[in-house]
Amino acid sequence: MIKRQGQHYGLGCFLVFIFASCATSNPYSKTNKISEERSKDLLRQISVQHEDTVKADSAKIPERTAFTVNFNLRKPNFVIIHHTAQNSCEKTLQTFTSDSTEVSAHYVICKDGTLHHMLNDYLRAWHAGASKWGNTTDINSVSIGIELDNNGVDSFTTAQLNVLEGLLAELKAKYNIPAANFIGHADVAPTRKTDPSVLFPWKYFAERGYGLWYGDTSSLKLPVGFNPVLALKVIGYDVKNADAAIEAFRRHFLQTETKGPLSNTEKKVLFSLMQKYLN
C-alpha cells in the first residue's frame, strides 16, 4: 500500500473535494489552514455564474440569463516529473508551503516512499514555470507536477520509483493521460532545467506506458534530408534554442549530458522516436 501523506484512503482523513488535513502536532497546520482558505475562495469564484465577466463593446446584453447545464471539471492531460534539487523531503515541504517561494507541486515522493499529496489534481500548481511542449505554452494549466526527493546527483531510490509507478498508473487511468504526455521538466523547459536528470529510468517507465521510447535502430536508414531540429519540434520540444533542445533530448532518451552536434546514431534514435510520436 502506498504511504500517502495528505490523503489516506480508508484511514479516517477525508478530503472534501479540494483540501483537508488531519494531524496532531502538525508543523504545517498553519499553512494547511491558509491552503484551505484559498481553496474555499476558489470554490466561491467558480460557484457563481457571472453574465458580465466577458466585456465587449459591441455585445448586446441579453434580456434573460441562461447558463448551460452541460459541463464538468477540466482535467489534467500531462504529467511532468521533476527532482527537487534539495537534500531532504522536509526541506521541499517547507519550500512548497512558503508564500515567498511561489513554487509548488501536486505530489512529492520522499526517498523512503512516503507520498505527499500537496494539492488537488484539478488545481493549478506552480511547478513548470516558463515552459512549452508542442503548442502548449501554459504547462501548469494542463499538467500534474510530481517532485521526487532527489538532489540531482544521487540515484533515485527503489521505494520512490515503486511509489511513482503506482501513482502514474492511478493518474493515467483516472484522467486518461496519453503515454506520450508523461515527460520531464527539462523536456518542457530545456534552457532552464535538467530534472529529473540522466539518472531517471525513462525507458523502464516508457515500457509500462508512461512515456514513449524508440525502437531498434540497428538497421534503420535515415531518409535523405532528415532534419533533426524539425524532428525535435514534431516530438514537442521548443527548438528556439536548438542546442538546448538537443541536450534535453539526449538527457531523456540517451541518458547522457553530451553536448555538440548529433551523431548519426543519435539521429537514428531521434527519427525512430519521431515516428512513435507521429503514430
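Worth pointing out:
- Global form of the stretch 228-278, assessed from the alpha-carbon gyration tensor, a/c cut-off 1.5: oblate
- The stretch 73-206, relative contact order [Cα under 8 Å, separation at least 6], %: 35 percent
- Inter-centroid distance (Cα atoms) of the stretch 199-253 relative to the stretch 99-124, Å: 28 Å
- Taking packing as the residue-averaged number of other Cβ atoms within 10 angstrom, the listed peptides 243-250, 32-39, 125-132 run from highest to lowest as 243-250, 125-132, 32-39.
- For the stretch 138-213: rounded, prolate or oblate by the Cα gyration tensor [a/c cutoff 1.5]: oblate
- Calculated [θ] (222 nm, deg cm²/dmol) that DSSP helices of n ≥ 4 give over the chain, each run adding -39,500 (n - 2.57): -9000 deg cm²/dmol
- Proximal lysines relative to Lys111, as straight alpha-carbon distance under 24 Å, when same-chain residues fewer than 8 apart are discounted: Lys3, Lys91, Lys172, Lys193, Lys203
- The alpha carbon centroids of the stretch 128-148 and the stretch 80-94 are separated by 18 Å.
- For the chain, the Cβ-based charge dipole about the Cα centre amounts to some 460 debye (Lys, Arg positive; Asp, Glu negative; other atoms uncharged).
- Rg followed by Dmax, in Å, when the chain is reduced to its Cα trace: 21.2, 69
- Segments 262-273, 91-102 sorted - mean Cβ within 10 Å per residue, highest first: 262-273, 91-102
- If you wrap the stretch 103-148 in the convex hull of its Cα atoms and look at it from every side, the mean projected area works out to 3.3 nm².
- Global geometry of the stretch 73-206, whether rounded, prolate or oblate, following the gyration tensor of its Cα atoms and the 1.5 cut on a/c: rounded
- Estimated distance in nm for a label pair at Asp138 and Asp243, the labels positioned 7 Å out from Cα along Cα-to-Cβ: 3.3 nm
- Cβ crowding within 10 Å averaged over residues, with 167-180, 59-72 ranked highest first: 167-180, 59-72
Laboratory data are not the source of any read-out in this text; all were calculated from the coordinates shown. This one's a predicted model, so the numbers in the text were calculated from it and none came from an experiment. As a convention, Cβ positions derive from the backbone with ideal geometry for all residues, glycine included, and neighbour counts pool all protein chains shown.
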